[in-house]
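K.L.:
Right, I'll just put the structure down here and ask away after.
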Amino acid sequence: MSQVIKIHPMEDFKERSRGVLNDPGQRKNFRGAMDFLMAKRRAQFPDQDELQGLRDLGSAIRRYSLAHLPRLLEQLEAKLTANGIQVHWAQTPDEANAIALGIAQRVKAKRIIKGKSMVSEEVGFNHAMEAAGIEAFESDMGEYIVQLAGETPSHIIMPAIHKTKQEIAKLFADEIPGVAYTEDVDALIRIGRKVLRRKFADADIGLSGVNFCVAETGTLCLVENEGNGRMCTTVPRVHIAITGIEKVVEKLEHVPPLYSLLSRSATGQAVTTYFNLISGPRKPGEKDGPEEVHLILLDNGRTQAYADEELRETLKCIRCGACMNHCPVYARIGGHAYGTTYPGPIGAIISPHMLGLDATYPLAFASTLCGACVEVCPVKIPITDILVRLRNEAQARPDSIDATLRGSGAARTTAGTAVWGVWAQVYSKLGLYKLASWFMSRGRALSPTEQGAWTRSRTPLIPAPKRLRDLLKDRKR
Amino acid sequence: MSARDSILARLHAAPIAEVPALPDVKAWFDAHRRNEDTDQRITRLRAALEAVKTEVHDVSATDWLEVLLRIAAAKGLRNLLIGTDTPHGDVLEARHPENLTLIRYTDAIDSWRDVLFDDIDASLTLARSAIAEIGSLILWPTPSEPRLMSLVPSVHFVLLDVATIHADFHSAITTEGWKDGLPTNALLICGPSKTADIQQTLAYGAHGPRELVVLLRHAENADQGAAA
């Protein structure tokens, strides 16, 4: 049922963006959803001093956790193992899928029920399982809807945000046997609940993501509203959790501030319905819960971000999605246009480490650098600084010391390098600048009317008839 | 080199120019904590719970049972899942309620999963404590009151002793010493399950309980202090 989206952002990003921009329906959906989410978040932070204090604390916790990451991962592994949770490490999506598949084959699993996990999207989990003949079924309502439609999430918190209730009503009527068309949201949720309850009861394995891993106690924390995460982690006999290596914090007391920031920033809720702390599989005498719990810790480029102190800030992210909710670019083009698992500002700065800068650099340029994302980020990631850094990396000479990432220099072209080389000469030498600007102003009639991407939606750039220095000279006369 | 060793080697090799100090989380919560008595905490907890469609009832140590049975009758519940070897379960069973079948969670789920999913209307569990600031109940499922009791039945009754309400999440963790021993599964619950995944329209009863009913149990002798 699921499909693999081919990642070709470089070739297709602009085309996909244009497609959404020319679709008034989709633009209205996104605009409405973003306005809704921004207003909800704003209402959760009436006290600016409290907000800024909490952001400082959240940022400090994440920065401290990252500074001690290798030690905390080792502590987490030891504690989880002592608690009976089996820990696996994966450098690549293929390794992560192979680990999960190995577990599934050992326990002869046929059906996997999934809670919301963006890391599972990142590794193409559903496709890998289905290729091996194992059903992987999404249970988060939004994820269920996009899976039923053969799509992927367009937002990391609200996966089906691009769909109207009419579209979902039609989808349910078309795809779920015996279901009549209804636009009543409560009725649609009841339909989803009924289908998925059976899936929970019948599943062999439950798969989930993790919001925070606590090193001192060996605990996996999951944040959710629907109860499907609890179902996936409690009903099947095996629970597999998959997460990025950056999600660890040292102490349990580090969790409350991050949880508060996450739920308020993400969906504008004071708190989510469920906060689920898992510290082990079913113990002797316990009557439910999985007999096995596994944690897959995924790298997939995160160690590349970690190697650089500026780019390491990217890994502070707690995946609230506030940056995309407030991004003027995301609000207009939506999540699918990005072509990556993580869209929006955070997607633009994390995806290069996962997919290579050569495959993702246009995303770093798709920003006005307005800084709205930086203002709302609950852990104060300097997103715009990182976007500028990635732009420079994309233009770096591949063999230079400035090229530190996989795919650095991918945006560099001979023509571009020559143009900017000339520009640098002109703007750094006064005589040359005077001469060039004189020729430009006098030869303005020769300005081309077609100026590439600029004139696609703007009037051509034509130099002024008089230079600034000429105007000043006239004034003095 | 294994994946583990490769990942850790890369992390260890990364430069750390300045090691940040351990954040003082306690100081932040101490500075922002409201100085409230039990009644104020109850008020705040109730408001937060009711804001997310939780039914809240004040009960006493003696009348909670009758209140529960009244609500169950009004909702037309056929049966109620209760734990094993719990004081409240024993009291309920001794009452022999009419028109409400009590079902004990005696066997491991593997042998009666379909019954739990298809035939159980409601459940009753005891909350370990609660958090006023975020309007959440704390449940530590035990072999007596397993995890699925608070998740699968459509109606979930929670009995909460008001003296156990903490000011905030941080004080719950530290006062109760969570870091020294967590159960297999610990939970914060603030309402019936919900979703806004269809066009941002809030709908209750997503996958977990459709209704959450909290019985705030006040001690007969009301001089008990609130939790820290």
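K.L.:
Mind running the shape call on segment B:97-210? Use the C-alpha gyration tensor, a ≥ b ≥ c as the square roots of the eigenvalues: rounded below 1.5 for a/c, prolate if a/b tops b/c, oblate otherwise. If you can, show how the numbers build up before the last one.
P.N.:
Working: a/c = 1.81, a/b = 1.24, b/c = 1.46.
The shape class here is oblate.
K.L.:
Identify unpaired cysteines across chain A, taking unpaired to mean no other cysteine Cβ lies under 4.7 Å from the residue's Cβ.
P.N.:
A:CYS213, A:CYS221, A:CYS232, A:CYS317, A:CYS320, A:CYS327, A:CYS370, A:CYS377
K.L.:
Now for a different question. For an R0 of 41 angstrom, estimate the FRET efficiency from the Cβ-Cβ distance between A:ILE401 and A:TYR433 and round to the nearest 0.05. Each step should come with its number before you reach the end.
P.N.:
Details: r = 30 Å, r/R0 = 0.72.
Approximately 0.90, to the nearest 0.05.
K.L.:
Working only with C-alpha atoms, what are the Rg and Dmax values of segment A:329-477, expressed in angstrom?
P.N.:
Calculated on Cα positions, Rg and Dmax stand at 19.7, 62 Å.
K.L.:
I've got another one for you. Kirkwood Rh and Cα-based Rg: tell me the resulting Rg over Rh for chain B, rounded to two decimals.
P.N.:
Values: Rg = 20.9 Å, Rh = 19.7 Å.
With Rh from the inverse mean 1/r over Cα pairs, Rg/Rh is 1.06.
K.L.:
Moving on. R0 = 25 Å: FRET efficiency of B:LYS53 with B:ASP118, Cβ-based, nearest 0.05?
P.N.:
Values: r = 24 Å, r/R0 = 0.98.
The computed FRET efficiency comes out at 0.55.
K.L.:
Then there is this: Taking the Cα centre as origin and putting +1 on Lys and Arg beta-carbons and -1 on Asp and Glu beta-carbons, what dipole magnitude results for the protein assembly as shown, to the nearest 20 debye? Intermediate results must be reported in sequence, preceding the final value.
P.N.:
Numbers: 83 positive and 85 negative charges, 794 e Å.
Here the protein assembly as shown has a charge dipole of around 3820 debye.
K.L.:
I would also like to ask the following. Please report the spacing between the Cα centers of segment A:247-268 and segment A:41-114 in Å, no decimals.
P.N.:
Segment A:247-268 and segment A:41-114 have Cα centres spaced 12 Å from each other.
K.L.:
Rounded to the nearest 5, what is the percent of antiparallel bridges among the DSSP beta bridges in the protein assembly as shown?
P.N.:
30 percent
K.L.:
Restricting to segment A:9-303, compute how many DSSP beta bridges are antiparallel as a %, nearest 5. Please list the in-between numbers first.
P.N.:
Numbers: 8 of 34 bridges.
Counting only bridges with both partners in segment A:9-303, antiparallel ones make up about 25 percent.
K.L.:
Need one number: nm distance between label points at A:ALA180 and A:ALA98, each 7 Å from Cα along Cα→Cβ, rounded to one decimal.
P.N.:
The modelled label-to-label distance comes out at 5.3 nm.
K.L.:
Please work out how much length the chain gains when fully extended from A:ARG198 to A:ARG456, using 0.36 nm per residue of separation minus the C-alpha to C-alpha distance, in nm with one decimal. Please report the intermediate quantities before stating the final value.
P.N.:
Details: separation 258, 0.36 × 258 = 92.88 nm, distance 5.26 nm.
Length gained, A:ARG198 through A:ARG456: 87.6 nm.
K.L.:
How would A:PHE30, A:PHE275 line up from fewest to most surrounding beta-carbon atoms within 10 angstrom? Could you put the intermediate results ahead of the total?
P.N.:
Numbers: A:PHE30 22, A:PHE275 26.
Fewest to most other Cβ atoms nearby, the residues stand as A:PHE30, A:PHE275.
K.L.:
Can you pull the mean other chain C-beta count within 10 Å for peptide B:20-30? Working shown, then result.
P.N.:
Numbers: counts 10, 3, 7, 16, 2, 11, 1, 1, 8, 4, 0.
Average per residue, whole number: 6.
K.L.:
Over every pair of different alpha-carbon atoms in chain A, take the mean of 1/r and invert it; report that Kirkwood radius in Å. Could the numbers behind the result be given before it?
P.N.:
Values: mean 1/r = 0.0410 Å⁻¹.
It works out to 24.4 Å.
K.L.:
Pull up the DSSP beta bridges for segment B:37-218 and report the antiparallel fraction as a percent, rounded to 5. Show your work: numbers first, answer last.
P.N.:
On the way: 8 of 34 bridges.
Roughly 25 percent of the beta bridges in segment B:37-218 run antiparallel, per DSSP.
K.L.:
With each label point set 7 Å from Cα along the Cα-Cβ vector, what nm distance links A:GLU130 and A:GLN86?
P.N.:
The modelled label-to-label distance comes out at 2.6 nm.
K.L.:
Towards the positive end of the charge dipole of the protein assembly as shown, with charges on Cβ (+1 Lys, Arg; -1 Asp, Glu), say which of A:GLY268, A:GLY356, B:ILE71 has the farthest Cα.
P.N.:
A:GLY356
K.L.:
Now a separate question. Between segment A:344-399 and segment A:13-36, how far is it from one alpha carbon centroid to the other, in angstrom?
P.N.:
21 Å
K.L.:
Using alpha-carbon positions, what is the distance between the centroids of segment A:309-336 and segment B:71-139, in Å?
P.N.:
43 Å
K.L.:
Compare the peptides A:35-42, A:59-66 by average per-residue count of other Cβ atoms within 10 angstrom and give them in order, highest first. Working shown, then result.
P.N.:
On the way: A:35-42: 16.8, A:59-66: 22.9.
Averaged packing, sorted descending, gives the order A:59-66, A:35-42.
K.L.:
Taking the beta-carbon count within 10 Å as an exposure proxy, list B:VAL152, A:VAL388 from fewest neighbours to most.
P.N.:
Numbers: B:VAL152 28, A:VAL388 14.
Fewest to most other Cβ atoms nearby, the residues stand as A:VAL388, B:VAL152.
K.L.:
Divide by every residue of chain A the summed helix terms, -39500 (n - 2.57) for each DSSP H run of at least 4, and state the resulting mean residue ellipticity at 222 nm, rounded to the nearest 500 deg cm²/dmol. Before the final figure, lay out each step's value.
P.N.:
Numbers: 23 runs with 245 residues, N = 477.
Here the helix-only value at 222 nm equals -15500 deg cm²/dmol.
K.L.:
Helix B:64-75 sits at what angle to the longest principal axis of chain B, using alpha carbons and giving 0 to 90 degrees rounded to 10?
P.N.:
Between helix and principal axis, roughly 80 degrees.
K.L.:
With +1 on each Lys and Arg Cβ and -1 on each Asp and Glu Cβ, how big is the dipole of segment A:68-174 about its Cα centre, in debye rounded to the nearest 20?
P.N.:
Working: 11 positive and 14 negative charges, 76 e Å.
For segment A:68-174, the charge dipole is close to 360 debye.
K.L.:
Right, next: What ranking do A:VAL426, A:VAL210, B:VAL19, B:VAL115 get, fewest neighbouring Cβ atoms within 10 angstrom at the top? Walk me through the numbers before you get to the answer.
P.N.:
Numbers: A:VAL426 17, A:VAL210 22, B:VAL19 10, B:VAL115 13.
The order, fewest Cβ neighbours first, is B:VAL19, B:VAL115, A:VAL426, A:VAL210.
K.L.:
Report the one residue of A:TYR433, A:GLN451, A:TRP423 whose Cα lies farthest in the direction of the positive end of the charge dipole of segment A:418-476 (charges on C-beta: Lys and Arg +1, Asp and Glu -1; origin at the Cα centre).
P.N.:
A:TYR433
K.L.:
Evaluate E = 1/(1 + (r/R0)^6) for A:LYS473 and B:ALA13, where r is the Cβ-Cβ distance and R0 equals 60 Å; express this FRET efficiency to the nearest 0.05. Don't skip to the answer; put the middle values down first.
P.N.:
Working: r = 59 Å, r/R0 = 0.99.
Here the calculated transfer efficiency is 0.50.
K.L.:
Under a point-charge model restricted to the Cβ atoms of Lys and Arg (+1) and Asp and Glu (-1), what is the dipole moment magnitude of chain B relative to its Cα centre, in debye to the nearest 20? Intermediate results must be reported in sequence, preceding the final value.
P.N.:
Numbers: 21 positive and 32 negative charges, 121 e Å.
So the magnitude is around 580 debye.
K.L.:
To continue, here is another question. Residues of A:216-229, mean number of Cβ from any other protein chain within 10 Å of their own Cβ, rounded to a whole number? Each step should come with its number before you reach the end.
P.N.:
Details: counts 2, 6, 1, 5, 0, 2, 0, 1, 5, 14, 10, 13, 5, 2.
For this peptide, the per-residue mean of nearby foreign Cβ atoms is 5.
K.L.:
Is segment A:418-476 rounded, prolate or oblate when judged by the Cα gyration tensor, a ≥ b ≥ c being the square roots of its eigenvalues, rounded requiring a/c under 1.5 and prolate requiring a/b larger than b/c?
P.N.:
Values: a/c = 2.52, a/b = 1.30, b/c = 1.94.
Oblate.
Every number in this text was worked out from the coordinates using simple rules, so none of it is lab data. Because the structure is predicted, anything quoted here is derived from the model rather than measured. Heads up, the Cβs are rebuilt from the backbone with ideal geometry, glycines too, and the neighbour counts pull from every protein chain shown.
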